[in-house]
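Heads up, the thing below is written out as structure tokens.
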Amino acid sequence: MARAALLLFAWLILAPPAPAQTVAEQRERVAALRERLRGLEAETAARDSATRAARRLDTLRVGGFIIVTDSGGSERLRVAADSAWAIVSRELALTPEAFRGRQVFARFGRLDANWSDLVRRGDQSFDGNASEAGLRSRLLAASGAMAADRAGRRVGLWTGAGLGLQYDRDALRWRALVEMVTATAPAGRACNAGDMAACADALWLGPDADAEFTDWNDPEARRRAVRERYRPSDSVTAARRDECLSGQSDFNCWRILQESGLAGRIGGHAPFSSENASGVLRTAARLGGAGAFDRLVADTSAPLARRLEAMAGVPVDSILRAWWSDARGIQHPPVRVPARTQWATLLWTLAFAGLALRSTRWR
Amino acid sequence: MFREVLYTQWRWSTLPVILFTVAAFGIPLWAVQRAGLAAPLEADVVRMLEQVRAVGVMFPLLAAFAGVTLGALAWSPDTRGGHVYALSLPVPRWYYALLRFAAGLVLLAPVVLAVWIGGVAATAAATIPDGLYTYAGTVTLRFALSVLVSYTAAFAIASASRRTQAVIGGAVLAVIAVQVLAVMAGVNLNPIRWLMTVFSWPGPFHVFGGPWMLVDL
């Protein structure tokens, strides 16, 4: 036995190294793996298809959406999906490939205990019993979640859940204008005055932002944020805070940060909210045009500012300038009564009064 | 003589004037009820502005309602009594109508004043974040002009003959009927839009269309 072990040891030392794979061999293996992946995908699709057929499910393909539904092909769902895809592809420059392998489940029938075994990680599901507008908004939320999943946790936390797709462009512009004008933090005020470096700081895109952001999002940083910024209003919230601070419940730390509105602001203490971050993301997508989202997700480990630059194809200053100008340019009627309106109203008043007084006879 | 006309008109319009005045005072307070936080977050500011915008719609509605009500009330007892009282007075018709018109304006003054007082009180009591401004004076001016023009228009219609009133009322009803028929027949015709041009420049009610924000950027 000892002899055999000795021989094995000698062979391991003396045996020539295994020949390195050539590039051609590596390509061949990659191709084989791809082929196997395609085969497995086809096998899964066939199995899912059989399951759906057994359960009388339909699949709608609209834009990049693959929607599995038990509605028998609802026209309302198709129209809502069309409209949702138009928004998603316009606002985030998504291509149908972005949702490859992801499915959306729209359930119209009664609750089915076996339904959930079809929904895999990364898929989205919702109750389909809603108006067309309701379905569109559910599809937008599902799209946001799927896109955020691809964009990575950093982007998801920066822009808030769903990448802010639930807001229309004018709502985001209005929000940006209000936050700029009412900002109390120096960075917010300077951003309002047109300082793009300050805008970057206020939007958590400064040089140290990624490090601080990561820090704030670990449990200890959450506890510190609650300790420093949160004042409980009653015994229930005080108990939650105590559980958070003692380390018993990280969930309570999240809950406090969410419910108090602190988590709604980027990094917990930046001047601008996550809605403004989604406004910047969408500006970058607009500037970048076709393939912008793919460039954003190409390297999820890069700093956020660099990823936005890759997405837009221009420096981050230019993205912020475009976002800033867009917000400042929103149509906002001044609160005043123009002189011409005052004069016109008085002239009309005189005209009406003249009509009332002109007659000399009783009627 | 003006005092007598004013007194009789006040007796006819006591309840509406009191109700309109109370509403005019209350609307500004309602508009800024969300502006009570000492250190509002941005989300609070957005919610407050949404509230100010939503409640601001009440100002033109109140202006129209107050103007039309008092304009119509100025003539209704005369119409019901066959103008006997007016005919017994030794004054020409235009002079009597002028007295009625002026009396109605005096009765509308407390409503306009209540908007201003309510606006000043509400914006003084609320915590308005930096970067936002209050517009109690501007909203009051817009309200006063809106009340004035709607009151005068209603006063003119109410002073017209029954035939003229029937023609005006019939024309409005006809426009609505044509609109309903056009929708039912699927015809691309929108006469209501023509009617609504009175609310755009240079229409008589253009003043109603401006921003009614008591607090804004």
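Any read-out appearing in this document is the output of simple, stated calculations on the displayed coordinates, not a laboratory observation. It should be emphasised that the depicted structure is a prediction, and the values quoted were computed from it without experimental measurement. Ideal geometry is used to build each Cβ from the backbone, glycine not excepted, and the neighbour counts take in all protein chains shown.
Rank A:Leu257, A:Ser278, A:Gly329 by how far each Cα sits towards the positive end of the charge dipole of the protein assembly as shown (+1 on Lys, Arg Cβ; -1 on Asp, Glu Cβ) and give me just the farthest.
A:Gly329
Placing +1 on the Cβ of each Lys and Arg and -1 on the Cβ of each Asp and Glu in the protein assembly as shown, which of A:Ala42, B:Leu132, B:Ala66 has its Cα farthest towards the positive end of the resulting dipole?
After comparing all options, I get B:Ala66.
Could you rank the peptides B:86-96, A:131-141 by their average count of other C-beta atoms within 10 Å per residue, with the highest value first?
Result, highest mean first: A:131-141, B:86-96.
To the nearest 500 deg cm²/dmol, what mean residue ellipticity at 222 nm is calculated for chain B from DSSP H runs of n ≥ 4 alone, each contributing -39,500 (n - 2.57), summed and divided by the residues?
For chain B, the value works out to -24500 deg cm²/dmol.
Calculate the dipole size of chain B relative to its Cα centre from +1 charges on Lys and Arg beta carbons and -1 charges on Asp and Glu beta carbons; express the result in debye to the nearest 20.
780
Assign one of three labels to the stretch B:133-217, namely rounded, prolate or oblate, based on the Cα gyration tensor with a ≥ b ≥ c the square roots of its eigenvalues; rounded applies when a/c is under 1.5, prolate when it is not and a/b is larger than b/c, and oblate otherwise.
oblate
Normalised by the empirical 2.2 N^0.38 Å for globular proteins, what value does the Cα Rg of the protein assembly as shown take?
Working it through for the protein assembly as shown, the quotient is 1.38.
Using only Cα atoms and rounding to the nearest 10 degrees, what angle (0 to 90) does helix B:58-73 make with the longest principal axis of chain B?
It works out to around 20 degrees.
If the only charges are +1 at each Lys and Arg Cβ and -1 at each Asp and Glu Cβ, what is the size of the charge dipole of the protein assembly as shown around the Cα centre, to the nearest 20 debye?
So the magnitude is around 1860 debye.
Count, for each residue of A:337-350, the Cβ atoms from other chains sitting within 10 Å of its Cβ, then give me the mean as a whole number.
Across the residues of A:337-350, the mean count of other-chain Cβ atoms within 10 Å is 6.
What's the local net charge at A:Ala148, with K and R +1, D and E -1, over the other residues with C-beta under 13 Å away?
Charge balance near A:Ala148 sits at +3.
³J(HN,Hα) across the stretch B:187-193 via Karplus (A = 6.51, B = -1.76, C = 1.60, θ = phi - 60°), whole Hz, x for Gly/Pro?
3J(HN,Hα) across the stretch B:187-193, in whole Hz: 8, 7, 9, 9, x, 4, 5.
When B:Leu61, B:Leu173 are ordered from fewest to most other Cβ atoms inside 10 Å of their Cβ, what list results?
With the sparsest Cβ surroundings first, the list reads B:Leu173, B:Leu61.
Packing-wise, with mean Cβ within 10 Å as the measure, how do A:341-351, A:83-93 rank, highest first?
Highest to lowest by the protection proxy: A:83-93, A:341-351.
Take A:Phe99, B:Phe199 and order them by how many other Cβ atoms sit within 10 Å, fewest up front.
Taking fewest neighbouring Cβ atoms as first place, the list is B:Phe199, A:Phe99.
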